[in-house]
Amino acid sequence: MLKKPCRLTNNKDFQQVYRRGRNNTTPFFNIHALPNKAGITKIGIVASKKISKKAVVRNQIKRRVREISQEFYNKLIPGQNIIITVKPNAVTIEFSKLREEIQKVFVKMNLLK
C-alpha cells in the first residue's frame, strides 16, 4: 500500500492532471502524468463501473495496480502526479503481464529515472 502522502486523492488534483497532463493509452491502461511543485510523486488509480459492475472485481484490479505502482515508486522521477485508469481488458490478464505493460508505459512517458 502506498503511504498517504504518495496517493493522489484530491478531486481538484485529478481534474488538473486530466486537463493539463500528458497521456498515453494502451489496451489495458490510460495513464496521465503532470509534474507537480511538491517534489513528491503521487499516484491515483481509477477503476470505473465499465470494468465490472461488481466492486470485488474493481477492487481486485486496483489492488494489483497499486502493488505494481508501489514496486516502481522508487524508480519514478520525483514530483509527478500520475493517474492510472484501468480498462476492462486488464481484468483478464495475468499479474506479470500487467507489470510489463505499466513498465513499458512508464518508460515510454519518461517517468522512470
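Exactly one of these conditions fails for Arg64: (1) under 22 Å from Val107 (Cβ atoms); (2) without any contact (Cβ under 8 Å) to a residue 40 or more places away in the chain; (3) surrounded by fewer than 14 Cβ atoms within 10 Å (Cβ to Cβ). Give me its number.
(3)
Among the residues of the range 11-24, are any of a type outside the set (S, T, N, Q), part of a loop (DSSP other than H, G, I, E, B) and closer than 18 Å to Leu112 by Cα?
yes
Would you pick out the residues in the range 98-107 that are loosely packed, with under 15 Cβ neighbours inside 10 Å and either without any contact (Cβ under 8 Å) to a residue 12 or more places away in the chain or within 11 Å of the chain's Cα centre (by Cα) (or both)?
Of everything in the range 98-107, those that are loosely packed, with under 15 Cβ neighbours inside 10 Å and either without any contact (Cβ under 8 Å) to a residue 12 or more places away in the chain or within 11 Å of the chain's Cα centre (by Cα) (or both) turn out to be Glu100, Val107.
Taking the condition in contact (Cβ under 8 Å) with a residue 24 or more places away in the chain, crowded, with 20+ Cβ neighbours inside 10 Å and closer than 21 Å to Phe14 by Cα, does Val86 pass? Working first, answer last.
Numbers: in contact (Cβ under 8 Å) with a residue 24 or more places away in the chain: yes; crowded, with 20+ Cβ neighbours inside 10 Å: yes; closer than 21 Å to Phe14 by Cα: yes.
Yes, satisfied.
Taking Ile43 as the residue in question, decide whether it is at pLDDT 95 or above, closer than 27 Å to Lys113 by Cβ and not charged (D, E, K, R).
So Ile43 passes the test.
Listed residues Asn81, Asn30, Asn110, Asn89; which is over 16 Å from Leu2 (Cβ atoms) and within 11 Å of the chain's Cα centre (by Cα)? Don't jump to the end; show me each part of the working.
Working: Asn81 fails: over 16 Å from Leu2 (Cβ atoms); Asn110 fails: within 11 Å of the chain's Cα centre (by Cα); Asn89 fails: within 11 Å of the chain's Cα centre (by Cα).
Just one listed residue meets the conditions, Asn30.
The values are calculated or read from the model by the stated rules, or taken from the named source; none is laboratory data. These numbers were taken from a predicted model, which means no experiment stands behind them. When we count neighbours, we look across all protein chains shown, and the Cβ atoms used for this are built from the backbone with ideal geometry, even at glycine.
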